[in-house]
Amino acid sequence: MRGSVNRPPTPEAEDGRQDQHLSLQEIINIKLVESGEKERLKELLRERLIECGWRDEMKELCRSFVRKKGKNNVTVEDLINVITPKGRASVPDSVKAELLQHIRSFLGSAAL
Amino acid sequence: MSLPNDKNGNMSFNSQLSAHLFSDLLDSIIVDVASECHRTARLGLDCNLEIEEEELRLSAEARARLSDPSNGGDVNGKYIVDIFGQTHPPVANDIFECMNCGQSIMAGRFAPHLEKCMGKRDSPLQL
């Protein structure tokens, strides 16, 4: 390494990650995305939530908020804040169980 | 990649991670729905919303018109206001020329005029 250049060494594969230690969680997340499983799981969840009327409920919450506030005064942030609490709480147990089962079996296979 | 050896530890870590991943997926879908509703609202693509707003506006206008004293809801003098805000005098006052005698006649007086007019065809009083 030339002494005249003062900068930290470029991280290389052999060096491992110097500043970042990828947590187990992050590693699993990467595997999830790379294998396409994350997208499949998201699609499955989306489909189930449409079937059970959850999505319609959320859209109705948004619509009444828009009616009150006026359509030009609403931001995406606003709507996210409006539907997140109800959204998280009103997922049917069966849907959640199904998704958790898929996730767990992925974790099981990823550990091998 | 290794997971903690202890079976119990394994399960709870697994459960925690699964729950976290599920929350991730759910939050991502929530953002999608919010963003789609936002777009729909801003672009005015929600027909029902547009119709509702229009109806609210029209009914507010109608109410304003009714309560407006200068319109005279029922009868004001001789004139009655209809729902289009038009007034019609009790006797039709359009004026035209009688095709028989050529006189200027008021529409509301045409029938009685014709009775007399048609009966005098060959009368010396005809103008």
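The values are calculated or read from the model by the stated rules, or taken from the named source; none is laboratory data. Since this is a predicted model, take the numbers as computed values, not measurements. What goes into the accessible areas is simple: the full protein's heavy atoms, side chains included, and nothing from ligands, DNA or RNA. Shrake-Rupley method; radii C 1.70, N 1.55, O 1.52, S 1.80 Å.
In square angstrom and rounded to 100, what buried accessible area do you get between chains A and B, total over both, with the probe at 1.4 Å?
Roughly 3500 Å².
Using only the heavy atoms of the protein chains and a 1.4 Å probe, how would B:Ile30, B:Ile95 rank by accessible area, largest first?
Putting B:Ile30, B:Ile95 in descending order of accessible area: B:Ile95, B:Ile30.
Less than 24 Å apart at the alpha-carbon level, and either on another chain or at least 8 residues along: which lysines does that give for A:Lys31?
A:Lys31 reaches A:Lys42, A:Lys96, B:Lys7.
Apply the a/c threshold of 1.5 to the C-alpha gyration tensor of region A:23-107 and tell me whether it is rounded, prolate or oblate. Walk me through the intermediate numbers first.
On the way: a/c = 2.92, a/b = 1.87, b/c = 1.56.
Cα axes put region A:23-107 in the prolate bin.
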